[in-house]
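Working notes, beginning with the structure itself.
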Amino acid sequence: MQQQESGNPSAQRRVLVVEDEPTIAESIAARLGAEGFKVAVSHDGPNAVDCFQTWQPDLVVLDVMLPGFDGLEVCRRIQSQRPVPVLMLTARDDETDMLVGLGVGADDYMTKPFSMRELAARVNVLLRRVERAQLAARTPVGGSIRLGELEIDHVQRRVRVSGSDVHLTPTEFDLLACLAQQPRAVLTREQLLAEVWDWTDASGTRTVDSHVKALRRKIGANWIRTVHGVGYALEAPTP
């Protein structure tokens, strides 16, 4: 594990970069270091899991293709130890790969090649969302929302469908909670990007679509209605 200290003495957040291509890993580490993060770099699956255990990062930037074992297995193992936001990197613009990554606990993904500016922005967004979730847990508002057989508990950040717990990633929970604030109302992709991801442009609409698909797999496809060309609405399935 290689570590890169930020020149900013107030930096507190730790980011673990797991990438087997040295040039890409160094570029990511340099950009995040310039943003004020403490950065550690790992180049294979087993070392990444060990580094996660010993270094306790606040966020992981994780490539899918790795020697040893792949990023999906890394994500499974680290999420089983401690929930942590994960930004997945993939070389293939394949929605199946993205859905699998989201299914094992990744919060967001980027397809190579990408700009370092956008990567840094997404890292900051994910960490802000964690901070908001921690604040909401300390000062819960709204209690539980029930829509038919769907129950969303904001205090415990738990979701149940027909009385059974459904495990969601932090992003999936925030997306569902956002839709549940206005049941049956159609929210545009741009609205969801702004509310859930803190993005102010439309560059991440595919991220919304893939997270909705992952969410449907977990709670049931009929809970979220697609309005083509517009966005999505949460509503109870018709009997």
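The values are calculated or read from the model by the stated rules, or taken from the named source; none is laboratory data. Every value quoted in this text rests on a predicted model; they were computed, and no experiment measured them. Neighbour counts run over all protein chains shown; Cβ positions are idealised from the backbone, glycine included. The accessibility values were calculated without ligands, DNA or RNA, using every heavy atom of the protein model including side chains. Shrake-Rupley method; radii C 1.70, N 1.55, O 1.52, S 1.80 Å.
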Thr188 being modelled with pLDDT under 90, farther than 22 Å from Leu59 by Cα and open to solvent by less than 60 Å² (accessible area, probe 1.4 Å): no
Is there any pair linking a residue in the range 45-65 that is without any contact (Cβ under 8 Å) to a residue 60 or more places away in the chain to one that is buried (at least 17 other Cβ atoms within 10 Å of the Cβ) and among the aromatic types (Phe, Trp, Tyr), with Cβ under 9 Å and at least six apart or on different chains, and which? Val60/Phe52; Val64/Tyr109
Can you tell me which residue is farthest from the chain's Cα centre (by Cα) among those in the range 68-86 that are buried (at least 22 other Cβ atoms within 10 Å of the Cβ) and within 23 Å of Ala133 (Cα to Cα)? Ile78
Can you confirm whether the range 197-212 contains a residue that is modelled with pLDDT of 90 or more and touching a strand residue (DSSP E or B) at 6+ places or on another chain (Cβ under 8 Å)? yes
Open to solvent by 50 Å² or more (accessible area, probe 1.4 Å) and under 25 Å from Ser210 (Cβ atoms): is that true of Met65 in this structure? yes
Hey, can you tell me all the residues within the range 120-134 that are in contact (Cβ under 8 Å) with a residue 12 or more places away in the chain and either touching a strand residue (DSSP E or B) at 6+ places or on another chain (Cβ under 9 Å) or more than 14 Å from Leu32 (Cα to Cα) (or both)? Arg122, Val123, Val125, Leu126, Leu127, Arg128, Arg129, Val130, Ala133
Take the residues of the range 198-237 that are without any contact (Cβ under 8 Å) to a residue 40 or more places away in the chain and aliphatic (A, V, I, L, M): which is surrounded by the most Cβ atoms within 10 Å (Cβ to Cβ)? Val208
Being touching a helix residue (DSSP H, G or I) at 6+ places or on another chain (Cβ under 7 Å) and modelled with pLDDT under 85 is the filter here, so list the residues in the range 145-167 that pass it. His154, Arg157
